[in-house]
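Trainee: Sending over a structure as structure tokens; questions will come in a sec.
The values are calculated or read from the model by the stated rules, or taken from the named source; none is laboratory data. On a predicted model such as this, the values are computed, not experimentally measured, just so you know. Positions of Cβ are generated from backbone atoms using ideal geometry, with glycine treated the same way; all protein chains shown enter the neighbour counts.
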Amino acid sequence: MVTAPPRREDSAGTARTLHHWSGGQRLDGTSGRFAEVTNPATGAVTAHLPLADEDEAAAVIAAAKAAFPGWRDTSLAKRVQVLFRFRELLNARSGELAELITAEHGKVLSDAAGEVARGQEVVEFACGMPHLLKGSATENASTGVDVHSVRQPLGVTGIVSPFNFPAMVPMWFFPIAIAAGNTVVLKPSEKVPSAALWMAELWREAGLPDGVFNVLNGDKTAVDALLTSPDVKSISFVGSTPIARYVYETATAHGKRVQALGGAKNHMVVLPDADLDLAADQAVNAGFGSAGERCMAISALVAVGDIADTLVAKIAERTRGLRTGDGRRSCDMGPLITRASRDRVAGYVDGGEADGATVVVDGRAGEFDADGEGFFVGPTLLDHVRTDMGVYTDEIFGPVLSVVRVQTYEQAVDLINANPYGNGTALFTCDGGAARRFQNEVEVGMIGVNVPVPVPMAYYSFGGWKNSLFGDTHAHGTEGVHFFTRGKVVTTRWLDPSHAGLNLGFPQNG
Ligand code: NAD
């Protein structure tokens with residue numbers, strides 16, 4: 001963070017000064033605090049991001065609050081038409097958004113395009129809001145009495161998102177929140193703010209009324225303003241476990257409903273009967289895709305029985321063939337998000353080696369296809385990892401795949417169930433009975449059978465167990481609709497003279 005007005009520019013001299021988005025227009029930062037946004041493939045500073053103070057946060061929240069009554073009262077048909085327009089615009093221009101993501105996050109362009117597509121699925125789900133918001137009705141529940149239920153929007157909803165999915169994670173929430181009649185204040189990660197600002201402009205183009213979608217840029221100060229403001233009715237958070245816990249505890253203490261998705265340590269179990277070529281392909285895809293910076297990345301591969309030597313050899317061969325570099329250059333894998341992250345990940349590999357793990361493929365040094373000083377660690381494969389090593393116990397969030405060897409299926413499941421995280425897991429096998437038993441026994445929220453990254457479709461809900469989720473509501477799907485609405489039950493009797501008269505007893509059916 002810098003406190004002086006930004007002056008440094010990247011090598012091309014084009015570092016931009018960014019802004020907030022409030023009430024349908026740009027809002028310049030006034031706090032005097034800025035963060036640098038970098039292109040992690042080159043290390044160049046590409047933008048200066050204003051970090052909001054309490055007054056700026058209050059102004060953005062006020063814009064969202066002012067827009068709420070009008071948007072809530074806009075007919076469902078008209079609200080959904082705006083979503084359809086947003087969808088069409090995003091379809092036409094998704095490439096622009098993918099490029100923005102690659103430029104600030106570093107993931108390769110095809111991966112960025114995939115992220116946009118998965119976010120777009122939630123927009124499409126939310127286009128079905130007229131159906132999703134239908135309540136229920138009972139005629140003549142008591143004599144002459146009808147009952148019906150409705151779900152109504154909350155008001156201003158807050159979203160706080162992480163760096164690793166600049167578009168998709170906000171889109172897990174805001175299409176549903178908006179379609180249901182809420183207004184939104186999105187606080188994106190300060191490392192990747194441009195996708196949020198781009199989507200704000202797209203909403204304006206789609207005809208969303210001013211103030212329904214707002215972007216508040218900042219750090220802890222901005223987040224705390226959302227967590228404590230009485231005008232913010234819900235918080236949807238995605239990020240690391242310590243912050244997720246803090247967000248959950250603080251926002252619930254301030255009377256809000258909260259869904260706070262945290263970190264992960266995802267295991268892929270390979271049974272002796274599995275197709276080892278398929279398993280090796282998928283371990284590489286899931287371990288090193290997006291440089292391991294996915295909450296559903298596989299970071300621990302559990303080889304069961306005597307397949308480990310063969311499997312490790314197959315994974316190593318594939319890993320050595322990967323090309324790491326600038327995500328705009330058709331590489332397989334891009335850089336890590338910051339220099340500090342690069343150093344932290346390399347430090348974990350050092351630690352694993354010192355603890356006795358075998359470094360089968362070493363990504364700490366190597367050739368990277370990029371200009372400048374990007375934040376690269378190549379794909380790294382560690383074997384003979386024990387569960388007491390830091391590379392196993394911690395979420396590394398980098399391209400490091402650790403192989404743990406066990407003898408039995410039971411030992412593999414015990415390992416997963418003993419882990420404090422419970423986001424995703426995968427089993428590779430040709431045995432349907434084993435797969436059925438695994439999905440029943442494993443204490444994890446999202447499970448893949450011969451699928452390494454089992455991210456649920458938009459019409460199901462995304463969420464982990466244990467330290468991977470605080471609160472009980474998962475993201476999107478019907479749980480998302482439930483989160484962004486609250487229920488009302490209306491009991492109606494049209495006047496009937498035969499039921500007139502006093503009765504001070506508790507209402508009973510009759
Ligand atoms: P992070 O926790 O550092 O930041 C997430 C958000 O919280 C950012 O917007 C950041 O500005 C804000 N923040 C950071 N420190 C804060 C503080 N002290 N007080 C209040 N707000 C604060 O996470 P990250 O590094 O951006 O993202 C990576 C993490 O997110 C990983 O742990 C990953 O597993 C997790 N993640 C989880 C999921 C999931 O679905 N469970 C999805 C994506 C990422």
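Trainee: Are there any strands (runs of 3 or more DSSP E) wholly within segment 10-81 with 1 or more residues that are closer than 25 Å to N182 by Cβ and out of contact with any strand residue (DSSP E or B) (no Cβ under 8 Å at 6 or more places or on another chain), and if so which?
Mentor: Qualifying strands (runs of 3 or more DSSP E): 25-27.
Trainee: Looking at T310, T338, T358 in this structure, which one is more than 16 Å from the ligand (Cβ to nearest atom) and farther than 30 Å from Q439 by Cβ?
Mentor: T358
Trainee: Now for a different question. Surrounded by 14 or more Cβ atoms within 10 Å (Cβ to Cβ), modelled with pLDDT of 95 or more, within 25 Å of A206 (Cα to Cα) and within 28 Å of the chain's Cα centre (by Cα): which single residue out of A62, A47 fits that description?
Mentor: Numbers: A47 fails: within 25 Å of A206 (Cα to Cα).
One residue alone meets the criteria, A62.
Trainee: Out of segment 455-485, which residues are away from the ligand (no atom under 16 Å from the Cβ) and either under 15 Å from R118 (Cα atoms) or out of contact with any Leu (no Cβ under 6 Å at 6 or more places or on another chain) (or both)? Walk me through it before giving the result.
Mentor: Here is the first cut: in segment 455-485, the ones away from the ligand (no atom under 16 Å from the Cβ) are 459, 478, 481-482, 484-485.
Correct list: Y459, T478, H482, F484, T485.
Trainee: Of the residues A126, A117, A137, A92, which is farther than 30 Å from R257 by Cα and modelled with pLDDT of 95 or more?
Mentor: A92
Trainee: Do any strands (runs of 3 or more DSSP E) lying entirely in segment 198-307 carry at least 2 residues that are surrounded by 18 or more Cβ atoms within 10 Å (Cβ to Cβ), within 16 Å of the ligand (Cβ to nearest atom) and under 18 Å from the mean Cα position of the chain (by Cα), and which ones are they?
Mentor: In segment 198-307, 232-238, 257-261, 298-304 are the strands (runs of 3 or more DSSP E) which contain 2 or more residues that are surrounded by 18 or more Cβ atoms within 10 Å (Cβ to Cβ), within 16 Å of the ligand (Cβ to nearest atom) and under 18 Å from the mean Cα position of the chain (by Cα).
Trainee: Would you check which residues across segment 368-388 are surrounded by 21 or more Cβ atoms within 10 Å (Cβ to Cβ), touching a helix residue (DSSP H, G or I) at 6+ places or on another chain (Cβ under 8 Å) and outside any strand (DSSP E or B) and list them?
Mentor: Answer for segment 368-388, where residues must be surrounded by 21 or more Cβ atoms within 10 Å (Cβ to Cβ), touching a helix residue (DSSP H, G or I) at 6+ places or on another chain (Cβ under 8 Å) and outside any strand (DSSP E or B): F375, F376, V377, P379, V385.
Trainee: Can I ask one more? With respect to G463, is the statement that it is out of contact with any strand residue (DSSP E or B) (no Cβ under 7 Å at 6 or more places or on another chain) and closer than 30 Å to A179 by Cα true?
Mentor: no
Trainee: Looking for something β-branched (V, I, T), part of a loop (DSSP other than H, G, I, E, B) and crowded, with 23+ Cβ neighbours inside 10 Å - is there at least one such residue anywhere in segment 432-447? Full working, then the answer.
Mentor: Quick first cut of segment 432-447, residues β-branched (V, I, T) only: 442, 444, 447.
Those still in the list that are part of a loop (DSSP other than H, G, I, E, B) too: 442, 444.
If we keep only those that are crowded, with 23+ Cβ neighbours inside 10 Å too, we end up with 444.
So far as segment 432-447 goes, yes, one or more of its residues are β-branched (V, I, T), part of a loop (DSSP other than H, G, I, E, B) and crowded, with 23+ Cβ neighbours inside 10 Å.
Trainee: Out of all the residues in segment 141-156, is one or more surrounded by 24 or more Cβ atoms within 10 Å (Cβ to Cβ), modelled with pLDDT of 95 or more and in the same structural domain as S94 (by TED's automatic domain parsing)?
Mentor: Within segment 141-156 (the criterion being surrounded by 24 or more Cβ atoms within 10 Å (Cβ to Cβ), modelled with pLDDT of 95 or more and in the same structural domain as S94 (by TED's automatic domain parsing)), the answer is yes, since at least one residue qualifies.
Trainee: What is the residue count in segment 139-194 for residues that are closer than 26 Å to V455 by Cα, touching a helix residue (DSSP H, G or I) at 6+ places or on another chain (Cβ under 7 Å) and of a type in the set (G, A, S)?
Mentor: 6
Trainee: Taking T102, is it in contact with a Gly (Cβ under 6 Å, 6 or more places away or on another chain) and either touching a residue at least 12 places away in the same chain (Cβ under 8 Å) or part of a strand (DSSP E or B) (or both)?
Mentor: When the stated conditions are applied, T102 passes them.
Trainee: Output the number of residues of segment 150-196 satisfying the condition of being within 16 Å of the ligand (Cβ to nearest atom) and touching a Phe, Trp or Tyr at 6+ places or on another chain (Cβ under 6 Å).
Mentor: Filtering segment 150-196 for residues within 16 Å of the ligand (Cβ to nearest atom) gives 157-174, 176, 184-196.
Right, trim to touching a Phe, Trp or Tyr at 6+ places or on another chain (Cβ under 6 Å) and you get 159-160, 176, 184, 189, 191-192.
Number satisfying all stated conditions: 7.
Trainee: Across segment 396-421, what is the total count of residues that are out of contact with any His (no Cβ under 9 Å at 6 or more places or on another chain), outside any helix (DSSP H, G or I) and surrounded by fewer than 21 Cβ atoms within 10 Å (Cβ to Cβ)?
Mentor: Matching residues across segment 396-421 total 4.
Trainee: Looking at segment 108-133, which of the residues that are outside any helix (DSSP H, G or I) and touching a residue at least 60 places away in the same chain (Cβ under 8 Å) is surrounded by the fewest Cβ atoms within 10 Å (Cβ to Cβ)?
Mentor: Here the answer is L133.
Trainee: Yes or no: segment 84-101 includes at least one residue that is closer than 30 Å to V377 by Cβ, buried (at least 16 other Cβ atoms within 10 Å of the Cβ), touching an Asp or Glu at 6+ places or on another chain (Cβ under 8 Å) and in the same structural domain as P209 (by TED's automatic domain parsing).
Mentor: Yes, some residue in segment 84-101 is closer than 30 Å to V377 by Cβ, buried (at least 16 other Cβ atoms within 10 Å of the Cβ), touching an Asp or Glu at 6+ places or on another chain (Cβ under 8 Å) and in the same structural domain as P209 (by TED's automatic domain parsing).
Trainee: Another question about this same structure. All but one of (1) in a helix (DSSP H, G or I); (2) of a type in the set (G, A, S); (3) surrounded by fewer than 21 Cβ atoms within 10 Å (Cβ to Cβ) hold for A365, so report the exception by its number.
Mentor: (1)
Trainee: Could I ask something else about it? Can you find a residue in segment 492-503 that is within 23 Å of L301 (Cβ to Cβ), away from the ligand (no atom under 16 Å from the Cβ) and not in a loop (DSSP other than H, G, I, E, B)? Steps first, please.
Mentor: Start the filter on segment 492-503 by keeping residues that are within 23 Å of L301 (Cβ to Cβ), which leaves none.
For segment 492-503, residues within 23 Å of L301 (Cβ to Cβ), away from the ligand (no atom under 16 Å from the Cβ) and not in a loop (DSSP other than H, G, I, E, B): absent.
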